[in-house]
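Notes follow the structure.
The values are calculated or read from the model by the stated rules, or taken from the named source; none is laboratory data. No experiment lies behind these values; they were computed from the predicted model shown. Methodologically, a virtual Cβ is constructed for each residue, glycine included, from the backbone with ideal geometry; neighbour enumeration extends over all protein chains shown.
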Amino acid sequence: MTVRPDAASKPLVHIYCDGACSPNPGIGGWGAVLIAPEHGNHRRELSGAEPNTTNNRMELMGAIMALRALKRPSRVVLHTDSQYLRNAFEKRWLASWQRNGWRTAQKQPVLNQDLWRELLELSAVHDIEWRWVRGHAGIAENERCDELAVAARMELAAKLGRR
């Protein structure tokens, strides 16, 4: 992560995000928890679902929707249990994909390109530190994101008359 010179003047927000999909592909949900420590740990929870998606898309949507919810440029510590999401930024996969015309090292089209492009736009607005957390390891906020994602998925499945 490259920290911009004006980063210290931006508000700090911790974001936890997760995605769920069952079956995969199938009905998916995403969840996010935003916490603003500088405002008394003010907390906001977000979730949503899509009928035909994948787990990876839901992981990305959790991050996108949380970043979209920020009202102004912020310093963000984004906690995710998705290596796919974190590594795309931390291991500079995105930079390689862009250099290669949105192709992987194996010359295949990058999946979820629409979401990656939006994440790149959002990361240009915010100073983001990407932190990986082990899923289902008892980290309260990560567990809550999983609950939100699963609940959103189940609610949509019930509306659609599917499991």
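Sub-7 Å Cβ pairs linking a first residue in region 127-150 that is over 29 Å from residue 72 (Cβ atoms) to a second residue that is among the aliphatic types (A, V, I, L, M) and modelled with pLDDT of 95 or more, at least 6 apart or interchain, are 150/20, ordered by first then second residue. Can you find a residue that is aromatic (Phe, Trp, Tyr) and not in a loop (DSSP other than H, G, I, E, B) anywhere in region 100-108? No. For region 67-93, the set of residues classified as over 23 Å from residue 142 (Cβ atoms) and of a type outside the set (Lys, Arg) consists of 73 only.
The condition of being assigned to a loop (DSSP other than H, G, I, E, B) and either of a type outside the set (Lys, Arg) or within 21 Å of residue 154 (Cα to Cα) (or both) holds for only one of 56, 24, that being 24. Could you go through region 147-155 and let me know if any residue there is in a helix (DSSP H, G or I), at pLDDT 95 or above and farther than 30 Å from residue 12 by Cα. There is at least one residue in region 147-155 that is in a helix (DSSP H, G or I), at pLDDT 95 or above and farther than 30 Å from residue 12 by Cα. Does residue 90 qualify as being over 15 Å from residue 33 (Cβ atoms), modelled with pLDDT under 95 and among the acidic types (Asp, Glu)? Yes. Taken together, 81, 127 contain a single residue that is over 20 Å from residue 19 (Cα atoms) and either in contact with a helix residue (DSSP H, G or I) (Cβ under 8 Å, 6 or more places away or on another chain) or of a type in the set (Ser, Thr, Tyr) (or both), which is 127.
Residue check: is residue 115 outside any helix (DSSP H, G or I) and either more than 28 Å from residue 22 (Cα to Cα) or touching a helix residue (DSSP H, G or I) at 6+ places or on another chain (Cβ under 8 Å) (or both)?
Here the answer is no, as residue 115 does not meet what is asked.
On inspection, residue 48 fails the criterion of being small (Gly, Ala, Ser), buried (at least 20 other Cβ atoms within 10 Å of the Cβ) and either in contact (Cβ under 8 Å) with a residue 12 or more places away in the chain or not in a strand (DSSP E or B) (or both).
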